[in-house]
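The values are calculated or read from the model by the stated rules, or taken from the named source; none is laboratory data. It should be emphasised that the depicted structure is a prediction, and the values quoted were computed from it without experimental measurement. Positions of Cβ are backbone-derived with ideal geometry, glycine not excepted, and every protein chain shown enters the neighbour counts.
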Amino acid sequence: MFGPSMHMEAAEIVHSAARFEAEKMGKEDEAVEEIRRMSGYGGDVIVVGPTSFAPNTLVAQSSLELRLDACGHSLSILQSPCSLNTPGVTGSVMWDSGVVLGKFLEHSVDSKVLSLEGKKIVELGSGCGLVGCIAALLGGNAVLTDLPDRLRLLKKNIQTNLYRGNTRGSAIVQELVWGDDPDPDLIEPFPDYVLGSDVIYSEEAVHHLVKTLLQLCSDQTTIFLSGELRNDAVLEYFLETALKDFAIGPIEEMANNNVYSVLKSLLLLLHLVFLSKQHVDSASIVKFLPGFEGPLPFELETGYIGVGEEEEVQLFYYFIKSERNPKEDPLLLWLTGGPGCSAISGLLYQNGPLAMKLDVYNGTLPSLVSTTYSWTKTSSMIFLDQPVGTGFSYSRTQLFNKPSDTGEAKRIHEFLQKWLGKHQEFSSNPFYVGGDSYSGLVVPATVQEISKGNCQCCNRPINLQGYVLGNPLTDCVYDCNYRVPFAYKMALISDELYESLKRTCRGEYVNVHPHDTECLKFVEEFNKLTNRVCERHILHSCCETETPSCYSYRFMLTTYWANDETVRKALQINKERRGEWIRCYRGIPYNHDINSSVPYHIYNSIDGYRSLIYSGDHDIQVPYLGTQAWIRSLNYSIIDDWRPWMIKDQIAGYTTSYANKMTFATVTGGGHTAEFTPEETFMMFQRWINGQPL
């Protein structure tokens with residue numbers, strides 16, 4: 001595997017009589033220097049030569065037909081010598097490196113180093129098709145790819161050499177332009193092997209070649225490339241580019257294979273092993289989404305970032321640049337509640353730039369529409385699928401430790417370190433963490449983790465400025481017990497029941513002692529009166545049937561949309577992420593190890609971070625009364641006392657500002673999350689993030 005240190009075994013020289021002849025001609029110093037440079041990339045790079053023979057000793061490019069022996073057969077390979085007169089066209093004639101790669105495969109199979117039987121093999125830049133034909137003769141199911149104008153010659157050579165009943169495998173021809181998205185059948189399933197001879201020939205082609213290798217490969221794919229070392233700079237550029245995502249793997253000793261001893265130029269035989277953790281740790285720009293008409297009116301990037309010692313946890317994210325001024329606007333990381341609810345909830349329901357079109361489902365792909373009050377109008381946003389197992393995030397191995405509140409804070413911090421390392425243009429932007437519901441426990445802990453990390457020498461400083469929380473679960477002593485007074489204030493229970501609850505339960509309505517039968521009796525009556533109330537918004541109905549008028553109808557549409565294969569392909573979901581997408585996966589093993597996030601709020605306030613805590617005033621799940629109660633317990637001085645905040649001369653809610661930079665606000669008519677009052681929550685956030693009073 002690739003490593004920074006040089007070892008003698010990293011580069012093997014295949015000795016031959018021809019090489020000694022070359023040394024006599026004074027070529028040794030040049031060859032040794034070339035070999036030394038290649039050795040620095042680690043792994044096994046077999047460099048052969050130089051010899052005193054002429055270039056392309058194995059093949060004659062002036063001939064219309066070449067005859068070569070391979071796999072016990074005499075192959076007739078047609079070529080087009082006249083193509084050499086066309087600048088930049090080399091793919092219609094044979095090159096020595098193709099013979100070497102073919103012989104390498106044959107030798108490796110005969111010596112049982114490799115087995116190609118039944119394996120899916122994709123050859124890049126097949127040209128005349130010799131390597132692909134040999135792979136098919138060795139039992140592989142080969143797909144020979146090239147540019148459109150090369151396919152006719154490829155098909156002719158397959159027909160000439162493989163349709164005689166002498167083939168253990170199969171071969172087909174398919175168009176592939178490097179850098180373009182490959183046809184699904186090339187990557188479903190991924191190839192076992194990718195082969196290429198003389199495919200590293202210009203710096204312009206390297207980027208597209210590496211992109212194609214990334215698209216074609218999983219962590220089970222092996223790549224073998226061969227090529228004559230015509231240009232040191234091009235090869236080194238390729239290696240530097242490729243080794244961001246690949247490692248150089250071992251190659252068995254080939255000294256007994258005499259085909260190597262007849263080459264004039266240095267020849268590289270390179271074995272690349274895919275680093276799946278680095279491949280997954282990548283990003284893609286998404287310009288079109290199935291279900292949305294036309295190009296997206298904003299810049300969307302999706303990708304995976306690996307976290308953990310072995311990067312075994314792959315966290316999926318959606319990143320949307322601010323539609324105003326992304327170079328200067330704040331960057332907001334948004335964590336959805338749950339735990340286990342996908343980031344799509346934020347993106348499509350709450351504060352993102354898209355929403356489901358609430359049409360009657362007819363079996364086709366649901367539609368998406370733009371939203372008016374997306375928070376991306378004023379900030380860049382990262383929507384993150386966390387913890388592992390949420391949305392499109394997954395683990396490459398079985399985890400020994402369950403995800404937890406404090407553990408997620410550490411993983412999110414690691415995610416941010418790596419994400420900002422890959423997006424350094426945003427490292428100076430003001431950074432905020434946000435979330436709602438259950439994230440009321442994780443967000444404050446994440447802020448503290450980032451703050452502590454900023455004081456450690458080995459971490460990249462994050463320009464953390466504060467955090468924002470909507471209807472945040474904070475401490476059940478407040479959040480749960482204040483559901484009773486909330487229900488009373490909203491006329492959901494009678495005066496008599498409320499007074500009986502207060503008298504018998506004395507403010508503790510959740511963890512009631514099992515012997516306190518009188519309190520339990522009134523709590524049961526309370527539950528009977530409220531169990532048909534929609535917890536997220538008490539004015540909404542709890543729907544029995546899924547119709548567009550039902551609030552949960554959008555959840556059903558999103559499930560159909562997110563599980564569509566065209567959507568997964570557009571979002572660049574990794575093939576390792578198997579199984580159905582679930583909006584809120586409740587089966588995640590999880591350790592709830594933060595009972596109260598109040599101490600984290602105190603710590604973060606002492607460190608001087610801004611905070612906006614807001615509550616939709618029609619949410620009984622995390623009622624505003626409980627949020628007000630724990631804020632009062634902080635004993636912060638009031639800077640701006642309770643007052644209405646307005647939109648167009650209309651009351652949008654009420655707000656109080658405290659010392660230590662904390663702001664609390666209610667949203668009139670709001671529910672558990674922002675989508676119930678999109679204009680009000682957007683205006684509130686926009687004013688606060690810009691440092692303006694609500």
Condition first: surrounded by fewer than 19 Cβ atoms within 10 Å (Cβ to Cβ) and either in contact with a Ser or Thr (Cβ under 6 Å, 6 or more places away or on another chain) or assigned by TED's automatic domain parsing to the domain that holds Ser345 (or both). Now tell me which residues in the range 684-694 satisfy that. Gln686
Within the range 581-593, is even one residue in the same structural domain as Met356 (by TED's automatic domain parsing), over 21 Å from Ser437 (Cα atoms) and aliphatic (A, V, I, L, M)? no
Residue check, Val143 in the same structural domain as Glu117 (by TED's automatic domain parsing), buried (at least 21 other Cβ atoms within 10 Å of the Cβ) and either more than 16 Å from Leu105 (Cα to Cα) or among the β-branched types (Val, Ile, Thr) (or both): yes
Test each condition in (1) in contact with a Leu (Cβ under 7 Å, 6 or more places away or on another chain); (2) under 26 Å from Arg632 (Cβ atoms); (3) free of Cβ contacts under 8 Å to residues at least 60 places away in the same chain for Glu525 and report the one that comes out false. (2)
Evaluate the range 340-347: report whether one residue or more is assigned to a strand (DSSP E or B) and assigned by TED's automatic domain parsing to the domain that holds Cys584. yes
Just one listed residue, out of Ile462, Ile450, Ile493, is surrounded by 15 or more Cβ atoms within 10 Å (Cβ to Cβ), in the same structural domain as Ser427 (by TED's automatic domain parsing) and without any contact (Cβ under 8 Å) to a residue 40 or more places away in the chain, and it is Ile450
Condition broken by Leu138, with the remaining ones in (1) more than 21 Å from Ser218 (Cβ to Cβ); (2) modelled with pLDDT under 90 satisfied: (2)
List pairs: first in the range 500-517 and surrounded by 10 or more Cβ atoms within 10 Å (Cβ to Cβ), second acidic (Asp, Glu) and in a helix (DSSP H, G or I), Cβ under 6 Å, 6+ apart or cross-chain? Thr504/Glu518
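Condition check ((1) touching a residue at least 24 places away in the same chain (Cβ under 8 Å); (2) farther than 22 Å from Asn481 by Cα) across all residues:
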| position | (1), (2) |
| --- | --- |
| Ser596 | yes, no |
| His601 | yes, no |
| Asn604 | yes, yes |
| Gln650 | no, yes |
| Ala659 | no, yes |
| Thr673 | yes, no |
Are any residues in the range 389-399 touching a residue at least 60 places away in the same chain (Cβ under 8 Å) and out of contact with any helix residue (DSSP H, G or I) (no Cβ under 8 Å at 6 or more places or on another chain), and if so, which ones? Gly389, Thr390, Ser393, Tyr394, Ser395, Thr397, Leu399
How about the range 603-635: which of its residues are closer than 27 Å to Asn454 by Cβ and within 34 Å of the chain's Cα centre (by Cα)? Tyr603, Asn604, Ser605, Asp607, Gly608, Tyr609, Arg610, Ser611, Leu612, Ile613, Tyr614
Out of all the residues in the range 620-633, is one or more of a type in the set (A, V, I, L, M, F, W, C), exposed (fewer than 14 other Cβ atoms within 10 Å of the Cβ) and out of contact with any Lys or Arg (no Cβ under 6 Å at 6 or more places or on another chain)? no
When both residues are 6+ apart or on different chains and their Cβ atoms are under 8 Å apart, which pairs have a first residue that lies in the range 59-73 and is assigned by TED's automatic domain parsing to the domain that holds Gly98 and in a strand (DSSP E or B), and a second that is exposed (fewer than 14 other Cβ atoms within 10 Å of the Cβ) and modelled with pLDDT of 75 or more? Glu65/Ser76; Leu66/Ser76; Arg67/Ser74; Arg67/Ser76; Leu68/Ser74
Among the helices (runs of 4 or more DSSP H) lying completely within the range 94-164, list those that include at least 1 residues that are among the hydroxyl-bearing types (Ser, Thr, Tyr). 96-110, 151-162
Being surrounded by 23 or more Cβ atoms within 10 Å (Cβ to Cβ) and part of a loop (DSSP other than H, G, I, E, B) is the filter here, so list the residues in the range 325-337 that pass it. Thr336, Gly337
Could you list, in sequence order, the residues of the range 493-527 that are farther than 25 Å from Asp619 by Cβ, in contact with a Ser or Thr (Cβ under 9 Å, 6 or more places away or on another chain) and assigned to a loop (DSSP other than H, G, I, E, B)? Asp516
Selection over the range 235-262 where residues are crowded, with 18+ Cβ neighbours inside 10 Å, at pLDDT 70 or above and in a helix (DSSP H, G or I) yields a count of 4
Checked the range 96-108 for anything farther than 15 Å from Val194 by Cα and either among the basic types (Lys, Arg) or surrounded by 24 or more Cβ atoms within 10 Å (Cβ to Cβ) (or both); matches are Asp96, Ser97, Val99, Val100, Lys103
So for the range 388-406 (the condition being aromatic (Phe, Trp, Tyr), in the same structural domain as Cys584 (by TED's automatic domain parsing) and touching a strand residue (DSSP E or B) at 6+ places or on another chain (Cβ under 9 Å)), does at least one residue qualify? yes
Could you grab me the full set of residues in the range 103-130 that are in contact (Cβ under 8 Å) with a residue 60 or more places away in the chain, within 35 Å of the chain's Cα centre (by Cα) and farther than 19 Å from Thr212 by Cα? Leu105, Val113, Leu116, Lys119
So Trp581, is it in contact with a Pro (Cβ under 6 Å, 6 or more places away or on another chain) and either touching a residue at least 40 places away in the same chain (Cβ under 8 Å) or surrounded by 15 or more Cβ atoms within 10 Å (Cβ to Cβ) (or both): no
In the range 528-573, how many residues are over 24 Å from His672 (Cβ atoms), in a helix (DSSP H, G or I) and not hydrophobic (A, V, I, L, M, F, W, C)? 4
Going by the conditions given, is Tyr614 in contact with a helix residue (DSSP H, G or I) (Cβ under 7 Å, 6 or more places away or on another chain), at negative phi, of a type in the set (Phe, Trp, Tyr) and not in a helix (DSSP H, G or I)? yes
Based on what the data block shows, is Leu195 assigned to a strand (DSSP E or B) and modelled with pLDDT of 90 or more? yes
Residue in the range 399-445 that is nearest to the chain's Cα centre (by Cα), counting only those that are part of a helix (DSSP H, G or I) and within 18 Å of Ser345 (Cβ to Cβ): Ile412
Suppose we filter Asp617, Asp641 for residues that are among the acidic types (Asp, Glu) and loosely packed, with under 14 Cβ neighbours inside 10 Å; which single one remains? Asp641
